Amino acid sequence: VVWGEMANAYEYSVDGVARFTAEWLEVVRRDVSHPSVVTWVPVNESWGTPALFADPRQRHFLESMYHLTHAVDGTRPVISNDGWEHGTSDIWTVHDYSPSAADLTARYGTPAAVEAMYGRDWPGAHRVHLGDPVRGDQPLMVTEFGGLTYTPEAGDRWFGYRTVATAEELLAAYERLVSALVASDQVAGYCYTQLTDTEQETNGLLTESREHKLDPAEVRRVNALPAASVPTERLALLQEQARERARGE
């Protein structure tokens, strides 16, 4: 399954609004019948709307994209601004590149921590929400995190949020970060950055030529860790542990 996400402008302008709206409508109408598309994301990380707090026009644009998308397709959730500075969104998403599993636990481990993070305690440069939100039934997802990359050789192109020296270190760091998120019953899902290296970012689980950096079986094991936010997964783990104890006795 995939999220339908739009390419964004760099600056805000009236011409940009007109072009964006026309092109986004084409995108949604083109892809609306594809069952693999499960969520719409018109704006990412405030690209094209860099002054949302200062400029009410930019806030109106963000809200209009949310409502316009629902007017065209009422079957899928819409995220107004993925990552931070949400207006109205059906899923509240956060981009958090902390290299510390302890930091992720501190921010997402309890309802009180999440409430503080949504308010004014977010440590990044942007608030998660434009207003003073009252959370309803919107799930929380950490839709960008990790960004682990190998320590670059001299002269190598690279980009990442934390460097590791070996595949073993990469797997261990990946597992710590994922484990911190799935241990929280507040986090409904996550998206690691990223699947493959790209021309400017070398923080993929695969290289740019699609070579594995890690044993795929180990990545699958980490990704299959039971999530506290999904009670059936936790129950299945407890049942398996009980069966193992019974076999040992």
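Please tell me if residue 147 is in contact (Cβ under 8 Å) with a residue 12 or more places away in the chain and crowded, with 16+ Cβ neighbours inside 10 Å. The answer is yes for residue 147.
Scan the range 6-30 for residues that are outside any loop (DSSP other than H, G, I, E, B) and either touching a Cys at 6+ places or on another chain (Cβ under 7 Å) or open to solvent by 90 Å² or more (accessible area, probe 1.4 Å) (or both) and the total you get is 7. The residue that is nearest to residue 6 (Cα to Cα), counting only those in the range 54-63 that are touching a residue at least 40 places away in the same chain (Cβ under 8 Å) and open to solvent by 60 Å² or more (accessible area, probe 1.4 Å), is 59. Close Cβ contacts (under 9 Å, 6 or more residues apart or on different chains) running from residues in the range 6-22 that are charged (D, E, K, R) to residues that are modelled with pLDDT under 95 and crowded, with 17+ Cβ neighbours inside 10 Å comprise 19/9. Residues that are within 27 Å of residue 2 (Cβ to Cβ), modelled with pLDDT of 95 or more, of a type in the set (A, V, I, L, M) and under 19 Å from the mean Cα position of the chain (by Cα) do occur in the range 64-84. Before we move on, is residue 217 out of contact with any Pro (no Cβ under 9 Å at 6 or more places or on another chain), of a type in the set (A, V, I, L, M), without any contact (Cβ under 8 Å) to a residue 12 or more places away in the chain and open to solvent by 50 Å² or more (accessible area, probe 1.4 Å)? Yes.
Residue-by-condition table, conditions (1) farther than 30 Å from residue 170 by Cα; (2) in contact with a helix residue (DSSP H, G or I) (Cβ under 8 Å, 6 or more places away or on another chain); (3) of a type outside the set (Ser, Thr, Tyr):
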site	(1), (2), (3)
89	yes, yes, no
95	no, no, yes
98	no, yes, no
107	no, yes, yes
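Restricting the search to the range 214-231, which residues are at pLDDT 85 or above and assigned to a helix (DSSP H, G or I)? Matches in the range 214-231: 216, 217, 218, 219, 220, 221, 222, 223. Please enumerate the residues belonging to the range 83-100 that are open to solvent by less than 20 Å² (accessible area, probe 1.4 Å), farther than 15 Å from residue 181 by Cα and part of a loop (DSSP other than H, G, I, E, B). Listed by number, the residues that qualify are 83, 85, 87, 89, 91.
Scanning the range 170-193 for residues that are without any contact (Cβ under 8 Å) to a residue 60 or more places away in the chain, over 28 Å from residue 138 (Cα atoms) and surrounded by 15 or more Cβ atoms within 10 Å (Cβ to Cβ) yields 170, 171.
Here 106, 71, 113 are screened, and the one residue that is in contact with a Lys or Arg (Cβ under 8 Å, 6 or more places away or on another chain) and of a type outside the set (Val, Ile, Thr) is 113. Screening the candidates 46, 80, 33 for the property of being free of Cβ contacts under 8 Å to residues at least 12 places away in the same chain and either open to solvent by 10 Å² or more (accessible area, probe 1.4 Å) or in contact with an Asp or Glu (Cβ under 8 Å, 6 or more places away or on another chain) (or both) yields one hit, 33.
The values are calculated or read from the model by the stated rules, or taken from the named source; none is laboratory data. These numbers were taken from a predicted model, which means no experiment stands behind them. Cβ: placed from backbone, ideal geometry, glycine included. Neighbour counts: every protein chain shown. In case anyone asks, the SASA skips ligands and DNA or RNA and just uses the protein heavy atoms, side chains included. Shrake-Rupley method; radii C 1.70, N 1.55, O 1.52, S 1.80 Å.
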